[in-house]
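Let me begin by presenting the structure, written as structure tokens, before commenting on it.
Nothing in this text is a laboratory measurement; each read-out follows from the coordinates by a stated rule. Note that the structure is predicted; figures quoted are calculated from it, not measured. Glycine also receives a Cβ, built like all others from the backbone with ideal geometry; neighbour counts cover every protein chain displayed.
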Amino acid sequence: MNFHFTEQQRSVIHLAREFAEHELAPGAAQRDEHERFDRGLFARLGELGLTGVPLPRSHGGRGLDFVAYAGVIEELSKVCASTGVMLSVHTSLVGWTLFQYGTEEQKRKFLLPVAEGSMLGAYSLTESGSGSDAGAMRTSAVKQGSSYILNGTKIFVTNAGEADLYIVFAVTDFQQRTRGCSAFIIEKGTPGFHVGKKEKKLGIRSSSTRELIFEDCRVPAFHLLGQEGEGFKIALAALDGGRIGIAAQALGIAQAAFDAAITWTKSRKQAAPEIAMESILAEMAAHIEAARLLAYQAAWRKSAGLPYRTFSSIAKLFASDTAMRVTSDAVQLLAQDPVTNTSAVERYFRDAKVTQIYEGTNEIQRLVISRMLLAD
Ligand SMILES: Cc1cc2nc3c(=O)[nH]c(=O)nc-3n(C[C@H](O)[C@H](O)[C@H](O)COP(=O)(O)OP(=O)(O)OC[C@H]3O[C@@H](n4cnc5c(N)ncnc54)[C@H](O)[C@@H]3O)c2cc1C
């Protein structure tokens, strides 16, 4: 593993940093306060070529790797974690999944606009009573001629309502449990497909999280992604890669809180910080550096074609716990600060929590990791 970014990786990460500082930062606090998703920001990411960083050029992407992609997500999340997860879901759960499992025709019709940024993507697995236990899903898809008819309700869908294209998982054979699950590509505006209530959230408040409702929703059989019965495998493979994005998002949040803590400590009037404060800063730095190595290691393994499921789970577990710990300590330190950055640090603290929950809670990451270790 090379610890230096290549020129191309450095250049795209720099582009993301410039965009984050000049275009994301100014409205981040207001978007959070008003729970406002800004579709214009996604359009700008597309214009800058940041909506398909690890996807091949032949399919509308930038042709870089997952290390560059993780760097982009980290930079965006330092400033606005809601934008970080919007792009992470779009790229790794949707773009990569279409690339990996789509037919050439599906790639032409759906992957190209996703990678170029003219279509925003969403991924919908979770249902009420079927989060960690995804195999308990109830949404059904019944084949009727050359279509499938979907019925059911999904919850907690990132980018929902704003997205143009959804990868939705539904059961085509209830006898087969997880082997009876299939994946579908569903476009916004398909009759029988409705967007439900918007979630009010603690953090990532400018990310759109909503329900999806399917009522006799007719989907052409051509929109089946992969083979019938392959949905569960596709869902889990998508999450393996998605967790690299979440680890990078958590890392960005932690780094931002740490930077604020350093700025504040340096600005204090005392000649030297107290020992307790020095110790907190050192612990923060150590955890962030470890999280960074884990996140980029997982990204590098995926790019190199090496097994990475255990590594992306470890990275997501450690980076999200680090984000929670570092932001909590930053809030504690800056509690004495009457002016500087308090509200941004409070936002980082709220944003950190969900990184321990989505794309598999950290309890589930521990199960994934231990099962992989014991299987080995
Ligand atoms: C803001 C947000 C955005 C989201 N975006 C998406 C999205 O885009 N697409 C999507 O499909 N889903 C999305 N989710 C759903 C998310 O992935 C689930 O919330 C998560 O998988 C947990 O499922 P659950 O909420 O049903 O909790 P449950 O599965 O009910 O778990 C509740 C608690 O029990 C623990 N637990 C459950 N099973 C076990 C076990 N076997 N061993 C130990 N502990 C266990 C969990 O860790 C958790 O602490 C999102 C969630 C949030 C909050």
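Remarks
- Subset of LYS78/LYS316; LYS109/LYS201; LYS109/LYS143; LYS107/LYS353 violating a 26 Å alpha-carbon distance limit: LYS109/LYS201; LYS107/LYS353
- Residue exposure sequence - CYS217, CYS80 - by fewest surrounding Cβ within 10 Å: CYS217, CYS80
- Relative contact order of the range 301-370, pairs being alpha-carbon contacts under 8 Å that are 6 or more residues apart, as %: 45 percent
- Calculated P(r) tail over 40 Å for the chain, as whole % of Cα pairs: 12 percent
- The chymotrypsin sites (Phe, Trp or Tyr not before Pro) of the range 68-124 include none that meets both criteria, a DSSP state outside H, G, I, E and B (loop) and at most 16 other C-beta atoms within 10 angstrom of the site's C-beta.
- Inter-centroid distance (Cα atoms) of the range 75-134 relative to the range 1-35, Å: 19 Å
- Based on C-alpha pairs under 8 angstrom that are at least 6 apart in sequence, the range 7-119 has a relative contact order of 32 percent.
- Proximal charge balance of HIS59 [Cβ under 14 Å; K/R count +1, D/E count -1]: +2
- Springs join every pair of Cα atoms under 10 Å in this Gaussian network model of the chain, and among ARG205, ARG39, ARG62 the largest mean-square fluctuation is at ARG39.
- Among LYS233, LYS302, LYS266, residue whose mean-square fluctuation peaks in a GNM of the chain (springs only between Cα atoms under 10 Å): LYS266
- Across the options THR172, LEU76, SER312, the greatest Cα extent toward the positive end of the charge dipole of the chain (unit charges at beta carbon of Lys, Arg, Asp, Glu) belongs to THR172.
- Whole-number percent relative contact order across the chain, with pairs defined as alpha carbons under 8 Å at least 6 apart: 17 percent
- Dimensionless Rg ratio for the range 122-229, taking C-alpha atoms and the 2.2 N^0.38 Å reference: 1.02
- The chain: DSSP helices with Cα axial extent of at least 27 Å and average Kyte-Doolittle hydropathy no lower than -1.0: 231-267, 275-303, 309-334
- The gain in end-to-end length when the GLU278 to SER11 segment is fully stretched comes to 92.7 nm, 0.36 nm per residue minus the alpha carbon separation.
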